[in-house]
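K.L.:
Pasting a structure below so you can have a look.
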Amino acid sequence: MHIPTEPIGSVPRPAFLLEGLGDFAAGKISAEALAKLEESALADTIARFEATGSPVITDGEQGKPSFATYPLTDLDLAPDGVVIPFADGHTRQLPRLASGPFRYGIYADTYLAKARAIASKPVKQAVIAASALGLIYPADGIDGYSREQFLADLVDGAATDIRRALDGGADSVQIDFTEGRLSLKLDPSGGLLQSFVDLNNAVLDRFSAEERAKIGVHTCPGGDQDSVHSLDVDYSGLLPALFQLRAGNFYIALAGEAEPQKVLAIIAEHAQPEQRIFVGVTNPIDPRVETAEEVRDRVLQAAQYISPDRLGTCDDCGFSPFADDTSTSRDIAFAKIQARVDGTRLAAEALG
């Protein structure tokens, strides 16, 4: 029995890169100097990823300002966009598009190419969901640039982002959809969630069935500064709609859930036969490092609900989705990744 295991995306940036990002923002160093720091951080990240034995790695998002905002360069933006509140009281705020047109300034294959140039393992590429970027369009509209035209431009950009990653040699492409669960807090009726699903399907429909088998969707309750934005939203409201997405793989945060068996039962009921389910077996916002045996047992529990030939494992979330999040150390992040890899192997051996 082989059970695939994959990271979600980000790992904490090393101290020298965090210092460099601050110096660059203050105008103390050049873009070229910052790029050299990012290259050093990337090399160290890939070396540490590969040392865990992880069969698939990421670049740790060392060059991204955040998992969500990397495409938003060279746009006319205002700072007063949608506010995302977290359970501990802190917030993150998206920018607001002040005028059109919307265009991607950076595509994720930019990061992929740098990682693949030095990696010896397959590299997975995370991209932001069209539905997340859709939140930057203001509710009262933009003169001369309709929501309909914005959404058309957004779908074009998001599809190109995925296409370029696949063409660039990504082992798989993961769409980050953390706003899915959050949408049910903003709109308990589920209308906003369904609009998100429809928008993301408009992107996925640009790809063949064979290509969609390499495209996945990640959902979690958010993870930033050891806090979450929607853990109190029941998965029963999200998962039936989530599995309407025409993707091949689903990465579902589970280790941090209070009732994992309840979630697994919902997955078993609603997932489509052709969809592979990667269950979260490590919790990035919990500072305690899971043991390999704990991971094994979580996988074996999941195998009671999901056929092992459709089962995979992942971390619940990225370890540092925003560059300035230092709540988890690099050492703890890689220790958890090691536990995921080792525990998944133990589970595969137990399943025969």
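The values are calculated or read from the model by the stated rules, or taken from the named source; none is laboratory data. Treat the numbers as computed from the prediction; the structure is a model and nothing was measured. Please note: Cβ atoms are built from the backbone with ideal geometry, for glycine as well, and neighbour counts cover all protein chains shown. We work out accessible area using only protein heavy atoms, side chains counted, and drop any ligands, DNA or RNA first. Shrake-Rupley method; radii C 1.70, N 1.55, O 1.52, S 1.80 Å.
K.L.:
Just one of Ala333, Ala348, Ala339 is of a type in the set (Gly, Ala, Ser) and either open to solvent by 20 Å² or more (accessible area, probe 1.4 Å) or in contact with a helix residue (DSSP H, G or I) (Cβ under 7 Å, 6 or more places away or on another chain) (or both); which is it?
P.N.:
Going through Ala333, Ala348, Ala339 in turn, just one is of a type in the set (Gly, Ala, Ser) and either open to solvent by 20 Å² or more (accessible area, probe 1.4 Å) or in contact with a helix residue (DSSP H, G or I) (Cβ under 7 Å, 6 or more places away or on another chain) (or both): Ala339.
K.L.:
Okay, moving on. Hey, can you tell me all the residues within the stretch 205-230 that are of a type in the set (D, E, K, R) and in contact (Cβ under 8 Å) with a residue 60 or more places away in the chain?
P.N.:
Those that are of a type in the set (D, E, K, R) and in contact (Cβ under 8 Å) with a residue 60 or more places away in the chain: Asp224, Asp226.
K.L.:
Restricting attention to the stretch 1-44, which residues are within 18 Å of Ile332 (Cβ to Cβ), in contact (Cβ under 8 Å) with a residue 40 or more places away in the chain and assigned to a helix (DSSP H, G or I)?
P.N.:
Of everything in the stretch 1-44, those that are within 18 Å of Ile332 (Cβ to Cβ), in contact (Cβ under 8 Å) with a residue 40 or more places away in the chain and assigned to a helix (DSSP H, G or I) turn out to be Leu17, Leu18.
K.L.:
Still on this structure, I have one more. Taking the criterion of being out of contact with any His (no Cβ under 8 Å at 6 or more places or on another chain), assigned to a loop (DSSP other than H, G, I, E, B), closer than 20 Å to Arg147 by Cα and open to solvent by 60 Å² or more (accessible area, probe 1.4 Å), would at least one residue in the stretch 53-72 satisfy it?
P.N.:
Scanning the stretch 53-72, I find no residue that is out of contact with any His (no Cβ under 8 Å at 6 or more places or on another chain), assigned to a loop (DSSP other than H, G, I, E, B), closer than 20 Å to Arg147 by Cα and open to solvent by 60 Å² or more (accessible area, probe 1.4 Å), so the answer is no.
K.L.:
Within the stretch 250-300, take every residue that is among the basic types (Lys, Arg) and outside any helix (DSSP H, G or I) and give me the one that is most open to solvent (accessible area, probe 1.4 Å).
P.N.:
Result: Arg288.
K.L.:
Return only the number of the condition from (1) assigned to a loop (DSSP other than H, G, I, E, B); (2) of a type in the set (S, T, N, Q); (3) under 30 Å from Thr69 (Cα atoms) that Gln338 does not satisfy.
P.N.:
(1)
K.L.:
Somewhere in the stretch 87-94, is a residue crowded, with 16+ Cβ neighbours inside 10 Å, closer than 20 Å to Leu37 by Cα and within 17 Å of the chain's Cα centre (by Cα)?
P.N.:
Scanning the stretch 87-94 turns up no residue that is crowded, with 16+ Cβ neighbours inside 10 Å, closer than 20 Å to Leu37 by Cα and within 17 Å of the chain's Cα centre (by Cα).
K.L.:
Could you give me the residue pairs with C-beta distances under 8 Å whose first residue belongs to the stretch 304-332 and is at pLDDT below 95, whose second residue is open to solvent by 20 Å² or more (accessible area, probe 1.4 Å) and in a helix (DSSP H, G or I) wherever it lies, and which are 6+ apart or on separate chains?
P.N.:
These pairs meet every condition: Ala323/Leu18; Ala323/Leu21; Asp324/Leu18; Asp324/Leu21; Thr326/Leu18.
K.L.:
Just checking: which of the helices (runs of 4 or more DSSP H) contained wholly in the stretch 141-248 hold 3 or more residues that are open to solvent by less than 50 Å² (accessible area, probe 1.4 Å)?
P.N.:
Filter on the stretch 141-248 gives 147-167, 179-186, 191-204, 235-242.
K.L.:
Can you confirm whether Gly343 is in contact with a Lys or Arg (Cβ under 7 Å, 6 or more places away or on another chain) and assigned to a helix (DSSP H, G or I)?
P.N.:
Here the answer is yes, as Gly343 does meet what is asked.
K.L.:
Can you tell me how many residues within the stretch 1-25 are acidic (Asp, Glu) and farther than 23 Å from Ile252 by Cβ?
P.N.:
Summing the residues that are acidic (Asp, Glu) and farther than 23 Å from Ile252 by Cβ in the stretch 1-25 gives 2.
K.L.:
What's the number of the only condition in (1) part of a helix (DSSP H, G or I); (2) over 21 Å from the mean Cα position of the chain (by Cα) that Ile306 fails to meet?
P.N.:
It fails just one condition, (1).
K.L.:
Please determine whether any residue of the stretch 130-146 is of a type in the set (S, T, N, Q), under 15 Å from Val203 (Cβ atoms) and touching a helix residue (DSSP H, G or I) at 6+ places or on another chain (Cβ under 9 Å).
P.N.:
Yes, the stretch 130-146 contains a residue that is of a type in the set (S, T, N, Q), under 15 Å from Val203 (Cβ atoms) and touching a helix residue (DSSP H, G or I) at 6+ places or on another chain (Cβ under 9 Å).
K.L.:
Then there is this: Checking Ile106 against (1) β-branched (Val, Ile, Thr); (2) open to solvent by less than 10 Å² (accessible area, probe 1.4 Å); (3) farther than 19 Å from Tyr251 by Cβ, which test does it fail?
P.N.:
It fails just one condition, (2).
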